[in-house]
């Protein structure tokens, strides 16, 4: 159970951070300007806040077990959230995000913490995916498993940022191609998840 919840948290964050968005491309910029280790430190800072977002989502989910009506309502809301995320990533695939940002004076780890703190997409993402996994009995939204998942989120986010750091030069040269194709894939993934949740709702009688 421990490995399972660590792995699920790792996978959710790893997939969630694939797309070349603000945090990823700042990792690329930091790695190019200050070196790979500093880029990884930035990613670790961003992943720390992302793990807190995950923990909040997982813990809140745990408190809903006693009220199935709220879970049903949230599953309906989850369909909307997933469709919204799908549209969000589809639109991102139509524009280019580059690594050309101004170099700041903040230590990379704390810069990652600050930038991740203003990126609130993690909360609905983790809550909706955890809700889907919990209703299918793939995870247990209870202590201590929520902490294992949150730690997995930290590890998965840091791992993906490390990949961006090591591939910084290549990504900087090919950011347009990478951004367009990965965002289209993520858009399709969220559509698929939305259809799964919708199917679950239809099966349960909405």
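Structure values in brief
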| quantity | calculated |
| --- | --- |
| Residue that is farthest from residue 150 (Cα to Cα) [pool: residues in region 86-108 that are at pLDDT 70 or above and touching a helix residue (DSSP H, G or I) at 6+ places or on another chain (Cβ under 6 Å)] | 90 |
| Cross-chain or 6+ apart pairs with Cβ under 6 Å, region 121-137 first and free of Cβ contacts under 8 Å to residues at least 12 places away in the same chain, then in a helix (DSSP H, G or I) and surrounded by fewer than 18 Cβ atoms within 10 Å (Cβ to Cβ) | none |
| Count of residues meeting criterion [surrounded by 18 or more Cβ atoms within 10 Å (Cβ to Cβ) and either in contact with a strand residue (DSSP E or B) (Cβ under 6 Å, 6 or more places away or on another chain) or part of a loop (DSSP other than H, G, I, E, B) (or both)] in region 19-56 | 3 |
| Test: residue 3 is in contact with a helix residue (DSSP H, G or I) (Cβ under 9 Å, 6 or more places away or on another chain) and part of a helix (DSSP H, G or I) | yes |
| Residues of region 175-202 classified as modelled with pLDDT of 75 or more and more than 15 Å from the chain's Cα centre (by Cα), total | 9 |
| Residue within region 24-32 that is at pLDDT 90 or above and under 17 Å from residue 122 (Cβ atoms) present | yes |
| Counted residues, region 6-20 - those being touching a helix residue (DSSP H, G or I) at 6+ places or on another chain (Cβ under 7 Å) and at pLDDT below 95 | 5 |
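The values are calculated or read from the model by the stated rules, or taken from the named source; none is laboratory data. What you see is a predicted model; the values in this text were computed from it and never measured. So basically every Cβ, Gly included, is an ideal-geometry build from the backbone, and we count neighbours across all protein chains shown.
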